[in-house]
1. Answer yes if at least one residue in the range 82-99 is under 29 Å from GLY206 (Cβ atoms) and part of a loop (DSSP other than H, G, I, E, B), and no otherwise.
2. PRO265: surrounded by fewer than 21 Cβ atoms within 10 Å (Cβ to Cβ) and modelled with pLDDT under 95, yes or no?
3. Within the range 234-243, can you find the residues that are part of a strand (DSSP E or B), open to solvent by 70 Å² or more (accessible area, probe 1.4 Å) and either in contact with a helix residue (DSSP H, G or I) (Cβ under 6 Å, 6 or more places away or on another chain) or touching a residue at least 12 places away in the same chain (Cβ under 8 Å) (or both)?
4. Kindly indicate the residue of the range 1-58 that is of a type in the set (Ser, Thr, Tyr) and either over 24 Å from ARG133 (Cβ atoms) or assigned to a loop (DSSP other than H, G, I, E, B) (or both) and also nearest to the chain's Cα centre (by Cα) among those meeting that condition.
5. Could you tell me whether ASP221 is loosely packed, with under 15 Cβ neighbours inside 10 Å, touching a residue at least 24 places away in the same chain (Cβ under 8 Å) and part of a helix (DSSP H, G or I)?
6. Considering ALA230, ALA226, which residue is over 18 Å from PRO78 (Cβ atoms), aliphatic (A, V, I, L, M), surrounded by fewer than 19 Cβ atoms within 10 Å (Cβ to Cβ) and modelled with pLDDT of 95 or more?
7. For SER161, state whether it is in contact with a strand residue (DSSP E or B) (Cβ under 6 Å, 6 or more places away or on another chain), hydroxyl-bearing (Ser, Thr, Tyr) and under 16 Å from THR81 (Cα atoms).
Amino acid sequence: MPDVTGPYAPGTPCWVDLMVPDQQAALDFYRDLFGWQGQVGPPETGGYAVCELNGKPVAGIMAAMNPDGSKPDPMPPPVWTTYLATADAEATQSRIASNGGSVQMPAMDVMTLGRMAVASDPTGAVFGLWQARDFAGAKVVNEPGAVIWNELNTSDTATASGFYAKALGIKAAPMEGATGYFSLEVDGRMVGGLQGLASIEGIPEGTPSHWLTYFSVDDTDSTVDALVRAGGNVLKPPFDMMAGRMAVVQDPQGSAFAVINAAEPDK
């Protein structure tokens, strides 16, 4: 079901957020593209904006800034970050470090909402951790305008698979009908995908390991057309694949993401 009513099992992608130089421009862009409602938040949260779809939280957008509130120089690249649920952020970041990963931002309280951390796996892909308290994560998924898939594109599938299994309890299994593609599973439930960078057709040489966020749309081609009109960029034009019709794009500030009109599963 699109509405999320219970807690996310540890290891499951539970939230995504975007860090960009111009927060208001991003809020305006995604409002027009996906129908999100969001505004710059209060100073005590660094202005963090929780965007909603039909009144339910779907993603976050924040301005890039230093801990003291100043603008970074140089400015970090705009990026969507996938957050993985955890029951204990400190214990998880210890397992990350002991299994070849790196903790980039140690666990910290976000008011009474939860605890967060930012880490990278041994292949360099950056991800977040979220230990829920008052805020569990996205309340709507798998419907147009919401996250539908989180995918790890990595330079070393074997190393990445071993790391996520040991550090976060996420198991990788070959996906039937998709050579070289793996499903990521938590307690036997598919929660995302994994593939090697070398197997991705047309990907620029030197692309680092990364998590890619997929958003569901009603019509991939018209969404891409609207994105281009709004100043976005197309990295991979719409194409048909086993899961539906998808495209990989960038928003006007350069943040990459995918859009997909997912195919109905076989009965």
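1. yes
2. yes
3. Correct list: LEU235, PRO237.
4. Among them, the one singled out is THR12.
5. Values: loosely packed, with under 15 Cβ neighbours inside 10 Å: yes; touching a residue at least 24 places away in the same chain (Cβ under 8 Å): yes; part of a helix (DSSP H, G or I): yes.
Yes.
6. Answer to the selection: ALA226.
7. Details: in contact with a strand residue (DSSP E or B) (Cβ under 6 Å, 6 or more places away or on another chain): yes; hydroxyl-bearing (Ser, Thr, Tyr): yes; under 16 Å from THR81 (Cα atoms): no.
Against the criterion (in contact with a strand residue (DSSP E or B) (Cβ under 6 Å, 6 or more places away or on another chain), hydroxyl-bearing (Ser, Thr, Tyr) and under 16 Å from THR81 (Cα atoms)), SER161 does not qualify.
Yes/no per residue for (1) among the hydroxyl-bearing types (Ser, Thr, Tyr); (2) crowded, with 18+ Cβ neighbours inside 10 Å; (3) closer than 25 Å to THR220 by Cβ:
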site: ALA97; (1), (2), (3): no, no, no
site: MET108; (1), (2), (3): no, no, no
site: VAL118; (1), (2), (3): no, yes, no
site: GLY124; (1), (2), (3): no, no, no
site: ARG133; (1), (2), (3): no, no, no
site: GLY145; (1), (2), (3): no, yes, yes
site: ALA165; (1), (2), (3): no, no, no
site: VAL186; (1), (2), (3): no, yes, no
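The values are calculated or read from the model by the stated rules, or taken from the named source; none is laboratory data. All values derive from a computational prediction rather than experimental measurement. Quick reminder, even Gly has a Cβ in these numbers, built from the backbone with ideal geometry, and neighbours come from all protein chains shown. Side chains are part of the model used for accessible areas, which takes the heavy atoms of the whole protein and leaves out ligands, DNA and RNA. Shrake-Rupley method; radii C 1.70, N 1.55, O 1.52, S 1.80 Å.
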